[in-house]
Amino acid sequence: METWEPTMSAGPLLGIALAAIVLILLLVIKFRIHAFVTLIIVSALTAIAAGIPIAGVVPTMIDGFGSTIASVALLVGLGAMIGRLVEASGGAQSLADALVNAFGAKRAPLALGIASLIMGFPIFFDAGLIVMLPVIFAVARRLDGPVLAYGMPAAGAFSVMHVFLPPHPGPVAAAEFFSADIGYILGLGLIVALPTWYVSGYLWGLFLGKKFTFKVSDALLGEQSDHDPATAASPLKVISVMMLPMLLIFCNTGVNTLSVAGTIDATDTFAEILTFIGQTPIALLLTLIIAMAVLGPKDRENIEKLMDGALGPICSVILITGAGGMFGGVLRTSGIGDALADSMSDLGIPVIFAAYLVAAALRVAQGSATVALTTAAALMAPAVEAANMNEIQLALLVLATAAGSVFSSLVNDSGFWLVGRLMGMDVSTTLRTWTLNQVFISVIGFIVVLILWAILPSS
């Protein structure tokens, strides 16, 4: 497989990708075949149809599945254990009560969204959402309201922060390709991210709560437990536990950002230690250990049972998410993403529109927003260099590419399955809620970028 190169032209490859996505939707929605099985079947058929050698089909599938599982299983597993401790200690309920009392029932979605925006600055999308879900669910249960009214503002907040703002890997990598200033990207990124989230996350979440009235899923935390307010963990304890992974992860992302800027040497021992403890799996592991001491029951046997009970419900989520990564990996190996990007980059349109469209095309073709952003930036780098842009324009170009990279979230995106399953949605509902949220983030974000492009100095 290392020497194999795609031989099909762009047209047939794009046709195969479209047919594969339609087949997935048909099998899952119409014939009710389990998503895990469906994704394996379609991944194999897509690989064969795209011309991947028979001997390389299974290794390609395993590579895509394994690379996704390697990160998702650790994050979801550790996050689920932390979430179970928060819930079982009564801490999630305590914090939910505190939020409702402080902001009122009507403003609870706004409060959850703002908290997620703050947490989403250093922490990656999937890890942040997993850690935040216990509180989201507790608030939804406390108010007996639809889960999407509380979950979508939070999920949308993590998404916009992950896509638009350093020190997340996508915008940092794009900044390096375009030689853009991180400071400008951070400042302008906030201007883009906040109104984008308000419309696509908060307002959209309120609308979805009225349209889809289903209540909290037990996929992550299990059934709700009754807690004595006198013995429940305090909101301060819960906030401290939830903030810990954010602070630890910031050590890693901060070092990466400073090293890219040339401020520090990433090979220094102290920087390497900070990078290590700030890796998301390590940060969550350290948080879990502290949560066990702070929030867990004193009996070791009960702790073991609690941890074991946290893993069972999320196995399906992990496997389906891994299978989604498998499908995305097959699409990348087959050359479908590259074919689409090449077709888009040859259109001869202004650079800022081309960057957005190439990133959007890559996102639809292979699923990963980070891959779409970094690949599109690499493809567009020569054109950007030739355009001789100022620092503000370069920063806006990074943000335009970022907006394109989040366009849509389909069945080839592991996040599609993660969000859908954790919030108790079937495929059809996920398409009408989460997928549209990603479209709104992309389109609204790009519109804000274009407005800034028009009004800010061009020389």
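Data table
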| read-out | value |
| --- | --- |
| Inter-label distance for ASN302 and ASN101, nm, one decimal - labels placed 7 Å from Cα along Cα-to-Cβ | 2.4 |
| Debye intensity ratio in log₁₀ form over the Cα atoms of region 123-216, taken at each q of 0.11, 0.26 Å⁻¹ | -0.38, -1.22 |
| Rg over Rh, two decimals, region 306-459 (C-alpha only, Kirkwood Rh) | 1.07 |
| ALA454/LEU190 FRET efficiency (R0 30 Å; Cβ-Cβ; nearest 0.05) | 0.95 |
| Full-stretch length increase - LEU26, SER240 - with 0.36 nm per residue and alpha-carbon distance subtracted | 72.5 nm |
| Region 92-170, Rg to Rh (Cα coordinates; Rh as Kirkwood inverse mean 1/r) | 0.99 |
| Reference-scaled alpha-carbon Rg (2.2 N^0.38 Å with N residues) for region 37-78 | 1.34 |
| Gain on full stretching of the segment that runs from VAL37 to ILE62 - 0.36 nm per residue minus C-alpha separation | 7.6 nm |
| Computed log₁₀ I(q)/I(0) - Debye formula, equal Cα scatterers, no solvent, region 354-423, q 0.15, 0.16, 0.23 Å⁻¹ | -0.49, -0.54, -0.88 |
| Likely footprinting exposure, ASP144, ASP126, fewest C-beta neighbours within 10 Å first | ASP144, ASP126 |
| Value in Å of the Kirkwood radius, where the chain supplies the Cα pairs that are averaged | 22.5 |
| Percent RCO, i.e. relative contact order, over the chain, from Cα pairs under 8 Å lying at least 6 residues apart | 23 |
| R0 of 45 Å, Cβ-Cβ distance LEU247-ASP181: FRET efficiency to nearest 0.05 | 0.95 |
| Cross-link pairs beyond the 29 Å C-alpha cut-off, checked among LYS106/LYS237; LYS106/LYS305; LYS30/LYS210 | LYS106/LYS305 |
| Region 151-175 versus region 31-81: alpha-carbon centroid distance in Å | 25 |
| Span-rule helices in the chain, defined as complete DSSP H runs reaching 30 Å or more along the axis (Cα) with Kyte mean at least 0.0 | 54-88, 235-260 |
| Computed lengthening from ILE264 to LYS210, 0.36 nm per intervening residue step minus Cα-Cα distance | 14.5 nm |
| Relative exposure of ARG363, ARG421, judged by other C-beta atoms within 10 Å (fewest first) | ARG421, ARG363 |
| P(r) tail fraction, region 236-292 - alpha-carbon pairs more than 18 Å apart, % | 36 |
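Values quoted throughout were computed directly from the atomic coordinates according to the rules given, and no laboratory measurement underlies them. In this text the structure is predicted, and so the values were computed from the model without any measurement. As a convention, Cβ positions derive from the backbone with ideal geometry for all residues, glycine included, and neighbour counts pool all protein chains shown.
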